[in-house]
1. Hey, could you check the range 262-273 for residues that are in contact with a helix residue (DSSP H, G or I) (Cβ under 7 Å, 6 or more places away or on another chain) and touching a residue at least 24 places away in the same chain (Cβ under 8 Å) and say which is surrounded by the fewest Cβ atoms within 10 Å (Cβ to Cβ)?
2. Within the group 156, 148, 131, which residue is in contact (Cβ under 8 Å) with a residue 24 or more places away in the chain and away from the ligand (no atom under 14 Å from the Cβ)?
3. Any residue in the range 274-286 that's over 23 Å from residue 195 (Cβ atoms): show its pairings with residues that are part of a helix (DSSP H, G or I) at Cβ separation under 8 Å, as long as the two are six or more apart or on different chains.
4. Return the residues of the range 38-60 that are within 13 Å of the ligand (Cβ to nearest atom) and not in a helix (DSSP H, G or I); say none if nothing qualifies.
5. Look through the range 171-208, keep the residues that are over 17 Å from residue 142 (Cβ atoms), at pLDDT 95 or above and in a helix (DSSP H, G or I), and return whichever of them is farthest from the ligand (Cβ to nearest atom).
6. Any residue at all in the range 119-128 that is surrounded by fewer than 18 Cβ atoms within 10 Å (Cβ to Cβ) and within 15 Å of the ligand (Cβ to nearest atom)?
7. Before we move on, is residue 50 without any contact (Cβ under 8 Å) to a residue 40 or more places away in the chain, more than 30 Å from residue 269 (Cβ to Cβ), crowded, with 20+ Cβ neighbours inside 10 Å and touching a strand residue (DSSP E or B) at 6+ places or on another chain (Cβ under 9 Å)?
8. Looking at residue 160 and the list (1) under 19 Å from the mean Cα position of the chain (by Cα); (2) modelled with pLDDT under 95, which single condition is not satisfied?
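The values are calculated or read from the model by the stated rules, or taken from the named source; none is laboratory data. If you're wondering where the values come from, they're calculated on a predicted model, not measured in any experiment. FYI the Cβ positions are ideal-geometry reconstructions off the backbone, even for glycines, and counts take in every protein chain you see.
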Ligand SMILES: NC(=O)c1ccc[n+]([C@@H]2O[C@H](COP(=O)([O-])OP(=O)(O)OC[C@H]3O[C@@H](n4cnc5c(N)ncnc54)[C@H](OP(=O)(O)O)[C@@H]3O)[C@@H](O)[C@H]2O)c1
């Protein structure tokens, strides 16, 4: 067997197969490579339509990937029906609206972290025993270019994707000795429903986010083709588009400057790219006051900074209880 043909006919589990990149991966793995795909997502109508199109080589289960118990039950069920998983693709994820970190409430923080990061850990721990049994064991984790160059307004999304990247790179080393491969894919913008996301924000901001991606993104079909090409070569670090390539180049050559320029450019363009506006609205509204505060730094001396108010910097001492 040619080295790159290992993928033909494998048993694959893919999360987020109902739409976007996951759906295109599923279609190609079944139709072009004869794989048996067990998909995971929640939208029954979309999953049924995919089953209708793909027939016996595709089936699905519906559960929230942020639920660790659901992952364990899923893996046990597949084992009990004799479906030994060769390949796990942790693809499903959600984005946040572009906004300041302080505008996200704790419930949304937890939801993004659980969906984008913990789900990957749950998936790998539930399926590693099966993957270790396989002669063709492989894990693909879909991170993001924002793991390479985190961007303003996407603090938590970028942090979860950077966590997926670090986990994948470490896992790659852990599993190399077992002959199991790991790919970490870091896409730039891909034209999918991610930006029309239902639960992260309002329909209006979602529409604005999508308009931005429409103008610079690649299609989900192209993304899937490039991901499968990298899987066949068993590549660990996978960039699939020129935006991600440019971000990677900037960070390698001048990390601090690239980060600073990215933030400044987003602010400068926020009247032309409406999706960015909420990140900078407060700064723009209070521009004069912020500039005044920064200018005041110049007249501050070391001595004035050192002046301790009466009672000490932490106020009057409380009596010991
Ligand atoms: N599109 C981009 O520009 C881009 C860029 C960088 C990275 N990525 C990453 O690529 C991956 C795929 O994104 P996409 O663009 O294809 O997004 P998408 O079109 O919104 O698809 C997301 C998929 O994940 C599933 N999903 C989401 N939350 C889930 C949950 N809690 N439990 C189970 N399934 C869940 C959705 O299915 P249901 O709605 O049926 O549950 C859907 O099938 C994500 O990890 C994303 O972060 C995308």
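1. Of everything passing the filter in the range 262-273, 267 is surrounded by the fewest Cβ atoms within 10 Å (Cβ to Cβ).
2. Details: 156 fails: away from the ligand (no atom under 14 Å from the Cβ); 148 fails: away from the ligand (no atom under 14 Å from the Cβ).
Selected residue: 131, the only one of 156, 148, 131 that is in contact (Cβ under 8 Å) with a residue 24 or more places away in the chain and away from the ligand (no atom under 14 Å from the Cβ).
3. Within 8 Å, the pairs are 283/267; 283/290.
4. Matches in the range 38-60: 39, 40, 41, 42, 43, 60.
5. Among those residues, the one meeting the criterion is 176.
6. Yes - at least one qualifying residue is present in the range 119-128.
7. The answer is yes for residue 50.
8. Unmet for residue 160, out of (1) under 19 Å from the mean Cα position of the chain (by Cα); (2) modelled with pLDDT under 95: (2).
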